[in-house]
1. Please report the accessible area of residue 201 (heavy atoms, 1.4 Å probe, ligands and nucleic acids excluded) in Å², nearest 10.
2. Within 15 Å, Cβ to Cβ, of residue 59, how many net charges do the neighbouring residues add up to if Lys/Arg are +1 and Asp/Glu are -1?
3. For segment 39-105, restrict the atom set to alpha-carbon positions and state the Rg and Dmax in Å.
4. Using the basic label-point model (7 angstrom from Cα toward the beta carbon), what is the residue 103 to residue 184 distance in nanometres?
5. Over the heavy atoms of residue 84, what accessible area does a 1.4 Å probe trace out, to the nearest 10 Å²?
Amino acid sequence: MDKIKVFHTFVTVYRAFRISVFCIFLLLGRGFASSAQEAGVFNSPKGIGACLSTWSGGGNFCTLTAYADIYGVATSRCQYPGFRMNAMRQFTLRTLEANGMSMSFYAGTGLSAGYVRDHDKGRWVDLSSLVSDNPGVMLALSGDVGCHFDFGRSIGVDLSFTADAGVHIRRNEAEQAYRATSVSVFNNGLWQVFYPQFIIYFKLK
């Protein structure tokens, strides 16, 4: 009985934690949107979504990205995509300018969170992982590198690559009857590091 009570308590805390994370990112998004200087459309093999950015002194800038995580949808592993958000602080390493246009190389760090699926059964090609549906909360420290193209008008483009080092928290698939919880390394955060992220930006200010 004590073990069952512990499981139920953990599940309750886990649900409250998941809702709290979502609310925190929602509040951050509202504040960020009011000061955003660019809004963009996020495109990647990871998913599709939107991005906001605001520039600060020294050519550095911050980004807030939210998108539908489509891992598992194409393989019919699941019917609905997951959801991911990340907030990044970008540091400009070098900027090249010519004819009113500029190209900035940058690297940054930040935080990511979401409700997604993960490749967690085996390595490389594993059929059991491809058909297993294991949605759960993802929390990670993120790092990226990229290049931002400013054409000197109202439109810009951005190409980047991101790595997420974190954990994936979900129901234990082997103990569904007991509503147990599993915690593992978020494999997709590292395996998808070479998935390109392409953003078309529109200037707001």
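1. About 10 Å², ignoring ligands and nucleic acids.
2. -2
3. According to the Cα coordinates of segment 39-105, Rg and Dmax are 15.8, 49 Å.
4. 4.1 nm
5. 10 Å²
The values are calculated or read from the model by the stated rules, or taken from the named source; none is laboratory data. Nothing here was measured: the structure is a model prediction, and the numbers come from that model. Positions of Cβ are generated from backbone atoms using ideal geometry, with glycine treated the same way; all protein chains shown enter the neighbour counts. SASA here: full protein model, heavy atoms, side chains in, ligands and nucleic acids out. Shrake-Rupley method; radii C 1.70, N 1.55, O 1.52, S 1.80 Å.
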